[in-house]
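To keep things clear, I will list the structure first and then write my remarks on it.
The values are calculated or read from the model by the stated rules, or taken from the named source; none is laboratory data. A quick note: this is a predicted structure, and the numbers were derived from the prediction, not measured. Cβ placement follows ideal geometry from the backbone for every residue including glycine, while neighbour counts extend to all protein chains displayed.
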Amino acid sequence: MTETVLAVLNQPSRDAAAHDPSADAFTFEAPLDHQLEVQDLGVVRGDGVFETITVVDGRPQALEAHLARFVRSAGMLDLPLPDLDAWRRAIEAVCAELDPVREAFAKTVLTRGVEGSGRPTGWVYAAASGDSTPARTEGISVVTLDRGYRHDVERTSPWLLQGAKTLSYAVNMAALREATRRGADDALFVTTDGYVLEGTRANLVMSVAGRLVTPRTDIGILAGTTQADVFRFAEQQGIETSYELVTMDDLRAADALWLVSSVRQAAPIRSVDGHEHAMDLAMTEQVNDFLLSRES
């Protein structure tokens, strides 16, 4: 059985030299064998970018949107830009190699490689997803945590790389552990000047008086591929959508809340900071049916 698949790219970017000029574009490798140099900057400094792509019945979803964000994140880190043809082929190959399952994921990773080598490291890893049914049907609890910067950080301090999907997730994981310590499933980051941002690994979507609203993407958060498809679903249903500055009062007053992301899809929020919040489970089911049936 092929429960996990790993493809290692020989030349992740045409702007950098190949690891082996005579080798194929990528090779399948054993996921548990030695693959990385211990001095790879993705390991020792978190100097790299990644994407996690939902795979349904062997089909990678929102692939082009993920690849576009992959390129955008790499550009923000001044990494050699990904060779999209090579990455697309590797993604499709690992999805085809994986044992048939209803839901899986493919993770693309690009690092700067070993310092001074001039050769980035790249790989695609695929595996079956965990069961997200409880989160989708029973909801999740969240706590709000101060992110430590103002909502205009992306404009004032672009070197902080807000809005890039980097490997530097230590803060996100620390926030998730803090949420667990407080008895919650996840955390929502809030700016020091009172605006709601995003979850540790997901975007916020709110139902407000018949509209779907998400925080603006120019305030230091990652533009979400799943959130964009939720808005595409809404627009097909004639539901107005909007990107706005969201305050804590707006959050509390919303008719329903979701954290949306690849793999978990749309998870309704049942409580915020220990206070129960109404859920729209009918809408949740419609949104998830749409997300899991996407063709691209």
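Within segment 275-296, how many residues turn out to be closer than 24 Å to ASP249 by Cβ and either touching a residue at least 40 places away in the same chain (Cβ under 8 Å) or exposed (fewer than 10 other Cβ atoms within 10 Å of the Cβ) (or both)? Explain how you work it out, then say what you get.
Taking segment 275-296 first, the residues closer than 24 Å to ASP249 by Cβ are 275-280, 283-284.
When the remaining residues are screened for being either touching a residue at least 40 places away in the same chain (Cβ under 8 Å) or exposed (fewer than 10 other Cβ atoms within 10 Å of the Cβ) (or both), the result is 275, 279-280, 283-284.
The qualifying residues number 5.
Let's see how each residue does on (1) at pLDDT 95 or above; (2) out of contact with any helix residue (DSSP H, G or I) (no Cβ under 7 Å at 6 or more places or on another chain); (3) among the charged types (D, E, K, R):
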residue	(1), (2), (3)
MET1	no, yes, no
ASP24	no, yes, yes
THR52	yes, yes, no
LEU79	yes, yes, no
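Run down GLU115, GLU92 and say which single residue is charged (D, E, K, R) and either assigned by TED's automatic domain parsing to the domain that holds SER157 or at pLDDT 95 or above (or both). Walk me through it before giving the result.
On the way: GLU115 fails: either assigned by TED's automatic domain parsing to the domain that holds SER157 or at pLDDT 95 or above (or both).
Residue meeting the stated conditions: GLU92.
Pull out all pairs, ordered by first then second residue, where Cβ-Cβ is under 7 Å, the residues are six or more apart or on different chains, the first lies in segment 145-166 and is of a type in the set (Phe, Trp, Tyr), and the second is assigned to a loop (DSSP other than H, G, I, E, B).
TYR149/THR191; TYR149/THR192; TYR149/GLY220
Among the strands (runs of 3 or more DSSP E) lying completely within segment 1-89, list those that include at least 2 residues that are in contact with a strand residue (DSSP E or B) (Cβ under 9 Å, 6 or more places away or on another chain) and loosely packed, with under 14 Cβ neighbours inside 10 Å. Step through it out loud before you land on a result.
Working: elements: 4-9, 26-29, 48-56.
Fully inside segment 1-89 and qualifying: nothing.
Keeping to segment 197-240, report how many residues are over 16 Å from the mean Cα position of the chain (by Cα), surrounded by 23 or more Cβ atoms within 10 Å (Cβ to Cβ) and in contact (Cβ under 8 Å) with a residue 40 or more places away in the chain.
Total meeting the criteria: 1.
Are there any helices (runs of 4 or more DSSP H) wholly within segment 213-296 with 1 or more residues that are of a type outside the set (Asp, Glu) and under 22 Å from ALA104 (Cβ atoms), and if so which?
Values: elements: 225-236, 248-253, 281-292.
Correct list: 225-236, 281-292.
Scan segment 90-113 residue by residue and report those that are closer than 22 Å to ALA128 by Cβ and in contact with a Phe, Trp or Tyr (Cβ under 8 Å, 6 or more places away or on another chain). I'd like the intermediate steps shown before the answer.
Residues of segment 90-113 closer than 22 Å to ALA128 by Cβ: 90-109.
Result: ALA90, ALA93, VAL94, GLU97, ALA106, LYS107, THR108, VAL109.
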